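**Q** The structure that follows is given in the form of structure tokens.
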Amino acid sequence: MASVHESLYFNPMMTNGVVHANIFGIKDWVTPYKIAVLTLLYEMSTTKPMALLERRRLNKLILPLQQGADLTLEQFVKIVEECSLRMVNAVKLRIFLMADGELQDMEHFFTILPNAFSDSEAFKTSVVGLFMRQMLLAYNKLSFSQVYKLYKSLQQYCHLGNQLELSALPSEDMELTSNEDPSADRIDKDELDTTSLHQSELRSDETQGPLSQKQAEYFLARQAYLLKNDENKAMSPAKLQDELNNILKFNPDFAEAHYLSYLNSMRVQDIFISTHSLLHYFDRLFISGGEGKSNGDEGYGRSLRYAVLNLATLHCRFGHYQQADLALQEAIRIAQEANDHVCLQHCLSWLYTLEQMKGSDSVVLTEDSVKIAAHFCLPYLASLGIQSLVQQGAKQGMPANKLLDALRGTDIMHWKQSLSELIEISLAQTTSIWRMYGKSTMARQQAQLLLNMNSLEPVNFSVQQNNTEAFAVTLCHLSELHAEQGLYAVVADIMKHLKQQFPPHTQHAKLWMLCDLKIQFEKAMNDGKYHLAEPHVTAISALNSTEGLYRKAQLLKALNQTSEASKILQQLQQQCEKSKNTEMIIRVMLASAELHWDSSGFASGLPLLLQALALSRQHNLQSLTSETVLHLAFTQLMLGIPEQALALVQDVLESVLAHGSLIDKGRALLLAARCQMTLAGTAAQKHRLTALEQAVHTLEEAAVYFSRLDCKERMRDIHYLQARLHHTLGNVSQRNKYAMLFRLLDQELPSSGMTVVNRL
């Protein structure tokens, strides 16, 4: 199921997707790139007759140009050219006149620059006006030697073209900042469009100068927002860490850069750097001088409380439960001293989450958390608590109507509060619940609701709300549902989308990796290609040890290594009983019963099957109930009670055909046909022909499902039975046809030791 606590990580630098940065000592300065931007603004102001579409494009371009990191002249010209060819010619002409002329030409440009905006109200109040005044102020503070160095830099900027060798403005000369000069960015030519401005953080390794204040704020705001909403579009972990290290090299006390480093390290599960960055973030907050009181809503006390809480969440994510518990207790103690109810509620939410991770019963803690959150009007935390209770209730076998009623109540609140993230989690959780209960049609419906839902959040930077864990879980469910119906081409398309949306380095990539491996394993097993299934077992075990053990037991059982399979199943059952994984316990019981069929006779598997049936009905697991009933029916058939076996199959056949996978549908129909054949052998002569024809029809239906899966082993069994039936009916041509098909498949497939006689 989707994790309902992914959003509980407290992010003190984020408010509605905006980073509140406080950069100490970094000032803005004039660079050749910013002279190019000023030239563009000047030409836009003085060029009156301009097409409306061109002006609109240029207006949209201004803010990213101001906020983004420096570009080379070629990149800058390319971007402006896409908006207005006329404007780019005017800008190039003025820039090259300054660069090819004398120093007084650049001085003259800064003298006439304010005149173009003197009569404009925008010069006083707009972002453009603020930028121009900042540049003029920074230029007027330069000494003559510094102006000369800027002029030489402009010449280099104009004539070096693609070479990212912007001349530096040394700090000992400029005296505007203690940092080195900013440098140009490199953007691939295929990215040079209006959206490429947002990717201008990807600077070359050769130019690691500092970012200005505005550039750093924009860089952090964008990357933090992308990490939260669309990690695929954020910089890769290695490149982002290099940029953050470069920022921190020039300003070690930049607290928000440390926090972004913490978030980035969590993407790659690097506990050392993530812990180091998190501690440095709160250390820098304490020395920033912006905090006042030692306790209360603001001040050192608040930062300290959330520092300890974040440290606890960090340990939770890495499975360090003892350290997480100690940190949570410390955060609770500090929050109680400060009477901070919000922080206490966050602590309580993480406390019951920690208990769930440890496998303990946390229902009481969760209920208390929901009540207190509702009392203090914290709908977000209250809703997370309710969804956690629903998740626990589903695992404990609560009826679906009660769980869905609870989710419906929270959904009403989500829509009223426009909490789109919680709506996504709720839909993903509903999909998982229906899937667990065996209602595949309802699961597909809920998945489509989520995938077709329009986001309620304001989407910035061209980000689409489709890379959250809820979407990953839902797409994995859809891929498994399509695989069950034999639609492997559709599965390939879904997996391709998942790999693009959640690259291997992202935190949710593990979901589709495990899903893909399970689908490939099942396909190989259905095809009888056990040598292809074996590598998948190792890969699955690396991602999920429980699933890996179960698949290994399945493979060993198929290879007739019953003793090894039995040992693994016993070990797996002990683990699942500790973790209360009811679904896996039932599957282990069914697999163990099949091993008993081969070793001790069919009657020896009945106690396990009856126990599995009781568990599946107690927990309302319809698909597992149907599968268990089919196992019981097969046992009764082998024990010589075909009437009871056929009655059991008919009881669950409707459910299997409505919600089951193709393999389940084919197995159920094949078992029904075998029961009909056995009953026909004992029937009176006048009813025998009708019973055999009915069995032939049932086998044909089963063959349709197995052929869609290309399950050759099952098709071989069906052709064998079809040949025998037609021989009994005297249909010689049909008998010969199916006998030949059986012969071809029998020669193609290796002998597995399992025949239609002793296999469900």
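**Q** Would you mind telling me which numbered condition in (1) in contact with a helix residue (DSSP H, G or I) (Cβ under 8 Å, 6 or more places away or on another chain); (2) of a type outside the set (Lys, Arg); (3) outside any loop (DSSP other than H, G, I, E, B); (4) at pLDDT below 80 residue 150 fails?
**A** Status for residue 150: all satisfied but (4).
**Q** Of the residues 539, 612, 553, which is within 36 Å of the chain's Cα centre (by Cα), part of a helix (DSSP H, G or I) and under 13 Å from residue 631 (Cα atoms)? Before you say what the answer is, go through the steps one by one.
**A** Working: 539 fails: under 13 Å from residue 631 (Cα atoms); 553 fails: under 13 Å from residue 631 (Cα atoms).
None of the other options fit; the residue is 612.
**Q** OK, next. Among the residues in the stretch 659-674, are any modelled with pLDDT of 90 or more and either hydroxyl-bearing (Ser, Thr, Tyr) or surrounded by fewer than 17 Cβ atoms within 10 Å (Cβ to Cβ) (or both)?
**A** yes
**Q** May I pose another question? Would the stretch 631-653 turn up any residue that is open to solvent by less than 10 Å² (accessible area, probe 1.4 Å), under 22 Å from residue 523 (Cα atoms) and in contact (Cβ under 8 Å) with a residue 40 or more places away in the chain? Give the steps one after another, and end with the answer.
**A** Kept after step one, since they are open to solvent by less than 10 Å² (accessible area, probe 1.4 Å), are these residues of the stretch 631-653: 631, 633-635, 645, 649.
Of the ones still in play, those that are also under 22 Å from residue 523 (Cα atoms) are 631.
Narrowing the set further to residues that are in contact (Cβ under 8 Å) with a residue 40 or more places away in the chain leaves 631.
Looking for residues that are open to solvent by less than 10 Å² (accessible area, probe 1.4 Å), under 22 Å from residue 523 (Cα atoms) and in contact (Cβ under 8 Å) with a residue 40 or more places away in the chain, one finds at least one in the stretch 631-653, hence yes.
**Q** Out of everything in the stretch 328-375 that is of a type outside the set (S, T, N, Q) and outside any helix (DSSP H, G or I), what residue ends up being nearest to residue 307 (Cα to Cα)? So that I can check it myself, show each step before the final result.
**A** Restricting attention to the stretch 328-375, the residues satisfying the condition of being of a type outside the set (S, T, N, Q) are 328, 330-335, 337-338, 340-344, 346-348, 350-352, 354-355, 357-359, 361, 363-365, 367-368, 370-375.
Narrowing further to those that are outside any helix (DSSP H, G or I): 340, 358-359, 361.
Numbers: 340: 14, 358: 23, 359: 26, 361: 27 Å.
Across the stretch 328-375, the extreme among qualifying residues is 340.
**Q** Sort out which residues of the stretch 669-681 are under 22 Å from residue 484 (Cβ atoms) and free of Cβ contacts under 8 Å to residues at least 40 places away in the same chain, and write them in order of number. Step through it out loud before you land on a result.
**A** Of the residues in the stretch 669-681, the ones under 22 Å from residue 484 (Cβ atoms) are 669-673.
Result: 669, 672.
**Q** So, one more: Within the stretch 681-730, how many residues turn out to be open to solvent by 50 Å² or more (accessible area, probe 1.4 Å) and under 43 Å from the mean Cα position of the chain (by Cα)?
**A** Adding up the residues that qualify gives 7.
**Q** How many of the residues in the stretch 225-275 are open to solvent by less than 10 Å² (accessible area, probe 1.4 Å), closer than 25 Å to residue 319 by Cα and in contact with a Phe, Trp or Tyr (Cβ under 6 Å, 6 or more places away or on another chain)?
**A** 2
**Q** Now for a different question. Check every one of the helices (runs of 4 or more DSSP H) wholly within the stretch 43-145 and list those with 2 or more residues that are open to solvent by less than 60 Å² (accessible area, probe 1.4 Å) and either within 22 Å of residue 211 (Cβ to Cβ) or acidic (Asp, Glu) (or both). Steps first, please.
**A** Working: elements: 52-67, 73-83, 85-100, 103-112, 122-125, 127-140.
Correct list: 52-67, 73-83, 127-140.
Residue-by-condition table, conditions (1) open to solvent by 50 Å² or more (accessible area, probe 1.4 Å); (2) closer than 21 Å to residue 511 by Cα; (3) among the polar types (S, T, N, Q):
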{"residue": "369", "(1), (2), (3)": "no, no, yes"}
{"residue": "372", "(1), (2), (3)": "yes, no, no"}
{"residue": "378", "(1), (2), (3)": "no, no, no"}
{"residue": "381", "(1), (2), (3)": "no, no, no"}
{"residue": "397", "(1), (2), (3)": "no, no, no"}
{"residue": "403", "(1), (2), (3)": "no, no, no"}
{"residue": "416", "(1), (2), (3)": "yes, no, no"}
{"residue": "432", "(1), (2), (3)": "no, yes, yes"}
{"residue": "436", "(1), (2), (3)": "no, yes, no"}
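Residue by residue, here is whether (1) within 25 Å of the chain's Cα centre (by Cα); (2) part of a loop (DSSP other than H, G, I, E, B) holds:
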{"residue": "232", "(1), (2)": "yes, no"}
{"residue": "245", "(1), (2)": "no, no"}
{"residue": "269", "(1), (2)": "yes, yes"}
{"residue": "284", "(1), (2)": "no, no"}
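**Q** Somewhere in the stretch 592-610, is a residue open to solvent by less than 10 Å² (accessible area, probe 1.4 Å), within 28 Å of residue 358 (Cβ to Cβ) and of a type outside the set (D, E, K, R)? Break it down into steps so the answer makes sense when it comes.
**A** Here is the first cut: in the stretch 592-610, the residues open to solvent by less than 10 Å² (accessible area, probe 1.4 Å) are 593, 605, 609.
Among the residues that remain, those that are also within 28 Å of residue 358 (Cβ to Cβ) are: none.
No; the residues of the stretch 592-610 include none that is open to solvent by less than 10 Å² (accessible area, probe 1.4 Å), within 28 Å of residue 358 (Cβ to Cβ) and of a type outside the set (D, E, K, R).
**Q** Cβ-Cβ under 6 Å, sequence separation 6+ or interchain: first residue in the stretch 728-748 and over 16 Å from residue 697 (Cα atoms), partner of a type in the set (Phe, Trp, Tyr) and part of a helix (DSSP H, G or I). Which pairs?
**A** 742/720
**Q** I need every pair where a residue in the stretch 426-447 that is free of Cβ contacts under 8 Å to residues at least 60 places away in the same chain and closer than 22 Å to residue 586 by Cα has its Cβ under 8 Å from the Cβ of a residue that is open to solvent by 10 Å² or more (accessible area, probe 1.4 Å) and among the aromatic types (Phe, Trp, Tyr), sequence separation at least 6 or different chains.
**A** Within 8 Å, the pairs are 443/434.
The values are calculated or read from the model by the stated rules, or taken from the named source; none is laboratory data. Fair warning: this is a prediction, and the values are worked out from it, not measured in the lab. Using ideal geometry, Cβ is built from the backbone for each residue, glycine included, and neighbour counts are taken over all protein chains shown. Protein only, heavy atoms only, side chains kept; ligands, DNA and RNA dropped before computing areas. Shrake-Rupley method; radii C 1.70, N 1.55, O 1.52, S 1.80 Å.
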